[in-house]
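Structure, as structure tokens:
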Amino acid sequence: MSRFVLVQLREMIIAHPKLLEENARVRFVKFGDYSLDIEIFVYVETGKLLEFLGIQEDLLLRVMGIVEAAGTDFAFPSQTTYLSQDSGLDQERIRTAEAQVQVWRSKNMLPFPEFPPEKHEQLRNTLDFPPKGSPSADQYSDE
């Protein structure tokens, strides 16, 4: 599951048209007290504050989607008292993510520590931003 999330985050950064790939990185950097800490570092290609904030929001929402798609969740500082049984993590999503990592491994395509250059070319600028259907798409134009 961890490798799946890292790969998906790296693909998202390469694919996003408003992010500069140079010096971008996604790394599993440490074990926190109650978390697995992943560092995401990337430059955003804009000089406009409102556009930056929109891109930042888009990235955070995409990160949430990637983590949820892997069948896991975020560790937030909190205290919880359970009065009923928690449904826990989504086991089907966990199995799907783990199976994908096994496929990569069996085909000698495990993308660690880096993607091969051809994967960069395949992914570069393939995400839509602003997302389709956004009423504010005009405010992000470079004109």
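Annotation: of all residues in the range 1-24 being more than 11 Å from the chain's Cα centre (by Cα) and charged (D, E, K, R), the one that is farthest from Phe115 (Cα to Cα) is Lys18. The residue of the range 53-75 that is nearest to Thr96 (Cα to Cα), among those that are among the aliphatic types (A, V, I, L, M) and in contact (Cβ under 8 Å) with a residue 40 or more places away in the chain, is Ala70. Among the candidates Leu89, Leu110, the residue that is modelled with pLDDT under 90 and touching a Gly at 6+ places or on another chain (Cβ under 6 Å) is uniquely Leu89.
Considering the range 9-47 alone, what residues qualify as being free of Cβ contacts under 8 Å to residues at least 40 places away in the same chain and charged (D, E, K, R)? Those that are free of Cβ contacts under 8 Å to residues at least 40 places away in the same chain and charged (D, E, K, R): Glu22, Arg25, Arg27, Lys30, Asp33, Asp37, Glu39, Glu45.
Per-residue answers, yes or no, for (1) in contact with an Asp or Glu (Cβ under 7 Å, 6 or more places away or on another chain); (2) surrounded by 14 or more Cβ atoms within 10 Å (Cβ to Cβ); (3) of a type in the set (Asp, Glu):
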residue	(1), (2), (3)
Glu92	no, no, yes
Ala97	no, yes, no
Val101	no, yes, no
Ser106	no, no, no
Glu114	no, no, yes
Thr126	no, no, no
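Of the residues making up the range 14-64, just one is surrounded by 14 or more Cβ atoms within 10 Å (Cβ to Cβ) and polar (S, T, N, Q), namely Thr46.
The values are calculated or read from the model by the stated rules, or taken from the named source; none is laboratory data. Only a predicted model underlies this, so the values are computations on that prediction, with no experimental measurement involved. Reconstructed Cβ throughout: ideal geometry from the backbone, glycine too, with neighbour counts over all protein chains shown.
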